[in-house]
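The values are calculated or read from the model by the stated rules, or taken from the named source; none is laboratory data. These numbers come from a predicted model, not from an experiment. Cβ coordinates were reconstructed from backbone atoms using ideal geometry, including for glycine residues, and neighbour counts include every protein chain displayed. These area figures cover heavy atoms from the full protein model, side chains too; ligands, DNA and RNA do not enter into them. Shrake-Rupley method; radii C 1.70, N 1.55, O 1.52, S 1.80 Å.
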Amino acid sequence: MPVSKLTFLLLSTSLLAGLACEDKDVIVPATENPEDGAGTGDPDSEGTPVDLVARGQYLVDHVAACPDCHTPRNEMGAPIPEQYLAGADCFVRLPNGDCLGSRNLTNHETGLANRTDAEIKRMITDGVRPAATGDEALFPVMPYYVFHNMTDQDLDAVVAYLRTVPPVEHAIQRRAAVFDLPAPAAPLDLSSVPLPLPDYANPEAAARGRYLATQAGVCVECHTKHLMGDPKVVDYASFFAGGEEFAVPGLPGTPVSKNLTSDAETGLGEWTVDDIVKVIKQGIDKHGDGICPPMPVGPRGAFGDMTAEDALDVAHYIKSLPPLVNKIEDLCALPPM
Amino acid sequence: MRLLPGHGLWLVGLALACGGEPASPPPGPHEPYARPEYQALSETGLYADPASGKLAGGVRPFAPSFVLWSDGAEKQRWIELPAGAQIDTSDMNRWSFPIGTRVWKQFSLDGTALETRLIERYGSEPDDYWMGSFVWNEDQSDALFAAAGQEDVLGTPHDAPPQEKCGACHNGEPGRIIGFSALQLAGDVARAAADEQDGWSLPRLAEAQQLTAPPATDSQYTPPGDAVTADALGYLHANCGHCHNPRGTSWPDTQMVLRLDVDSGSAEDTRLYGSVVGKMLQYYRAEAGTLRVVPHDPENSALIQRMQVRGPKEQMPPLATEEVDSDGITKVKEWIASLPAL
């Protein structure tokens with residue numbers, strides 16, 4: 001089945017932005033480490049992370065936003081804390097009732113407890129899961145094609161943190177056959193992902209932000225139009241131009257991901273870096289309106305606890321994006337905050 | 001079946017050894033070493049003389065009582081336990097092998113060696129195992145490491161698996177080695193082979209003080225039940241249990257246990273019996289109401305249906321076989337037919 005907005009019925013991931021280099025091994029880390037040591041992670045004198053697990057937790061919870069999809073929710077749509085990362089039985093539900101679950105990532109035998117580090121990394125970055133009938137291609141609602149370009153060090157950190165997640169017994173039912181794929185989606189081609197405009201004032205920050213938005217995080221996934229059935233998943237001609245629809249139960253309208261490029265009329269060309277940081281950290285746009293879910297921003301969203309430095313870097317990358325004209329109808333609006 | 005009194009002589013030997021000169025040195029430190037980078041089987045320590053095929057000194061053969069179906073290939077197995085080291089058998093169901101342990105399994109057809117697989121523990125971390133396959137050359141002088149595997153080795157239907165696939169079966173066992181276990185080495189087949197070839201069986205391992213915790217005299221080390229039941233349970237253990245257990249690849253998808261533990265009581269007490277007999281399917285897409293095992297009705301049991309599939313992903317086992325094991329299916333059918341109907 002091709003990727004479509006239907007597959008995102010209950011999806012609530014995303015993040016904002018970044019810029020960087022073509023080689024994932026030459027990513028520029030953030031200049032400041034957060035107080036809890038979990039931010040971009042200054043290496044120590046040996047070149048190893050100060051705290052691998054803390055870095056992994058930060059990435060999982062506030063950059064890759066894994067719990068948004070992998071923590072089941074109650075009837076009100078709120079995550080169930082005691083089932084943190086235990087997987088959702090029917091994360092995507094098609095109108096005919098067919099379900100696609102999100103996997104249990106906890107340290108229980110029904111989760112990742114008996115997967116090797118290599119197997120976990122292969123799931124995260126290549127979309128291949130060892131299933132009961134051999135290797136299984138993950139459906140690309142899971143943005144493994146984005147995480148494919150995560151640095152090895154960050155991938156180690158994510159795995160190190162997942163090893164510490166308390167076990168929750170929760171077997172996820174087999175996905176409906178309609179979600180079966182012959183092969184995983186193709187990794188995101190970083191050489192096609194926008195670089196900052198040549199004259200952008202803060203290229204270093206934008207480069208760091210590019211990594212957060214397109215390699216370790218998933219801004220690029222939701223803010224780029226998806227192509228039905230294309231192995232590349234997203235439209236390489238319209239990176240960050242928005243237009244992806246999300247059906248979120250309980251909302252009066254259908255949220256559509258915004259055009260984040262620097263086009264003055266249809267994108268964020270008139271926004272400042274601080275305006276974008278305010279969205280990430282406070283969940284409020286430059287007009288004072290709230291941000292519709294599934295964008296997980298603000299104090300109660302995954303990205304609200306992104307470090308100030310990383311949020312600023314992401315904002316710089318967004319400000320540096322080349323303009324693309326794509327007017328997005330605002331189909332969901334929350335009242336002024 | 002329990003260990004017969006006559007088979008407990010090795011325990012007497014063990015007791016004697018404890019009171020006198022040790023039969024082998026006490027376990028010594030075996031430090032981790034760099035992950036091997038083998039290119040040929042002749043580099044792995046299997047042979048003292050690769051040209052003649054003479055085995056190296058510490059290499060001993062063994063034969064499990066219940067074998068994995070490999071499309072009719074003949075198989076030989078050898079293990080080298082590092083000198084002075086013991087197998088940690090504090091959990092008799094999950095042996096932990098000392099660093100430096102190597103185990104080989106060789107596949108042949110009509111006397112021609114096709115492939116030899118190696119598992120070697122080189123470190124103390126959970127994933128510090130080298131696993132890979134060597135494919136024999138035409139003149140049978142050596143076998144070369146085949147990282148990507150090789151299909152139709154030497155013009156036969158036999159396929160050598162790629163290295164990346166090793167974990168699909170072996171990662172479900174913490175010690176990675178599947179066929180060298182208490183349950184596999186306690187039975188008549190394993191003991192007879194060890195006696196004939198001066199190899200390893202459970203009694204011989206205990207007698208040589210190769211086990212940190214020797215087997216208890218009153219323990220049950222072979223599959224329970226009558227001959228039909230024991231044969232079927234042993235077959236399922238050897239052919240399915242490495243994935244279908246709480247550490248196995250299939251566990252997140254289907255909580256079915258096809259692995260046997262020692263001391264599991266009667267056949268009806270085993271987790272294998274409890275998770276298949278009269279139990280609904282969980283993962284396999286079949287008609288609603290299908291049971292894994294329908295007592296007394298093998299033809300309508302999904303377990304048998306899956307064993308009869310080859311080609312599509314639904315085949316079981318999913319790897320390393322292209323032909324149905326009709327003898328094995330017969331064993332399992334006979335057991336199911338012997339179960340009282342619901």
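Tabulated values for the structure
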item: In segment B:239-266, residue nearest to B:Ile329 (Cα to Cα) [restricted to those that are of a type outside the set (S, T, N, Q), away from chain A (no Cβ under 14 Å) and open to solvent by 10 Å² or more (accessible area, probe 1.4 Å)]; result: B:Asp261
item: Which listed residue, of B:Val189, B:Val135, is touching a residue at least 24 places away in the same chain (Cβ under 8 Å), away from chain A (no Cβ under 11 Å), open to solvent by 50 Å² or more (accessible area, probe 1.4 Å) and not hydroxyl-bearing (Ser, Thr, Tyr); result: B:Val189
item: Residues of segment A:96-121 that turn out to be without any contact (Cβ under 8 Å) to a residue 60 or more places away in the chain, more than 9 Å from chain B (Cβ to nearest Cβ) and of a type outside the set (Val, Ile, Thr), as a count; result: 3
item: When residues of segment B:284-314 are limited to those that are within 13 Å of chain A (Cβ to nearest Cβ), of a type outside the set (Gly, Ala, Ser) and touching a helix residue (DSSP H, G or I) at 6+ places or on another chain (Cβ under 7 Å), the one most open to solvent (accessible area, probe 1.4 Å); result: B:Arg285
item: Test: residue in segment B:145-165 that is more than 14 Å from every other protein chain (Cβ to nearest Cβ), assigned to a loop (DSSP other than H, G, I, E, B), touching a helix residue (DSSP H, G or I) at 6+ places or on another chain (Cβ under 7 Å) and loosely packed, with under 15 Cβ neighbours inside 10 Å; result: yes
item: From A:Gly288, A:Gly298, residue being surrounded by fewer than 22 Cβ atoms within 10 Å (Cβ to Cβ), of a type in the set (Gly, Ala, Ser) and within 26 Å of A:Val60 (Cα to Cα); result: A:Gly298
item: Among (1) aliphatic (A, V, I, L, M); (2) outside any strand (DSSP E or B); (3) at pLDDT below 95 - the single one B:Met92 does not satisfy; result: (3)
item: Residues that are under 23 Å from A:Asp135 (Cα atoms) and open to solvent by 50 Å² or more (accessible area, probe 1.4 Å), drawn from segment A:145-177; result: A:His148, A:Asp152, A:Asp156, A:Arg163, A:Glu169, A:Gln173, A:Ala177
item: Segment B:302-342, subset among the hydroxyl-bearing types (Ser, Thr, Tyr) and modelled with pLDDT of 95 or more, residue farthest from B:Gln150 (Cα to Cα); result: B:Ser338
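Residues checked against (1) free of Cβ contacts under 8 Å to residues at least 40 places away in the same chain; (2) part of a loop (DSSP other than H, G, I, E, B); (3) open to solvent by 10 Å² or more (accessible area, probe 1.4 Å):
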| site | (1), (2), (3) |
| --- | --- |
| B:Glu173 | no, yes, yes |
| B:Glu196 | yes, no, yes |
| B:Pro214 | no, yes, yes |
| B:Leu233 | no, no, no |
| B:His237 | no, no, yes |
